[in-house]
Amino acid sequence: MKPFPRALLFALLLSAITIVGAYLLQTYATDGLPPCSYLDPPIIDYLAFSAAVFLVIEGAYRLRQHATDLLSSQWTRAFRIAFGCAILTLHAMQFAYK
């Protein structure tokens, strides 16, 4: 397999794991607890959502820009995408409750 598809597959798999993990953590960790972070103003969610979109787009762009690099030098970009996906998931869930 060529380096770019391998790095992209790794990024997608890691992103899927972080999305599911963030969803489960947010769903089960707040059972019976008052959702304090849901009291933040909606602008916090908008700003976090914007930053997360930037992380995902910038990470994907860098993966594509360095398509010939090996996975060993691409893994930080994959983590950047995964963190962006986790932030998107958490703040989308928080915004849905508002």
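Coordinate-derived values only; no laboratory data. What you see is a predicted model, and the numbers here were worked out from it, not measured in a lab. Note that we place each Cβ from the backbone using ideal geometry, even for glycine, and neighbour counts take in every protein chain shown.
Is it the case, given these coordinates, that Arg77 is basic (Lys, Arg), surrounded by 18 or more Cβ atoms within 10 Å (Cβ to Cβ) and in contact (Cβ under 8 Å) with a residue 40 or more places away in the chain?
Working: basic (Lys, Arg): yes; surrounded by 18 or more Cβ atoms within 10 Å (Cβ to Cβ): yes; in contact (Cβ under 8 Å) with a residue 40 or more places away in the chain: yes.
Taking the combined requirement at face value, the residue satisfies it.
Residue pairs whose Cβ atoms lie under 8 Å apart, separated by 6 or more positions or on different chains, with the first residue in the stretch 1-27 and part of a helix (DSSP H, G or I) and the second crowded, with 17+ Cβ neighbours inside 10 Å and among the charged types (D, E, K, R), are Ala7/Arg77; Ala11/Arg77. Residues being loosely packed, with under 15 Cβ neighbours inside 10 Å, in contact with a helix residue (DSSP H, G or I) (Cβ under 7 Å, 6 or more places away or on another chain) and more than 17 Å from Leu9 (Cα to Cα) are represented in the stretch 80-98 by at least one member.
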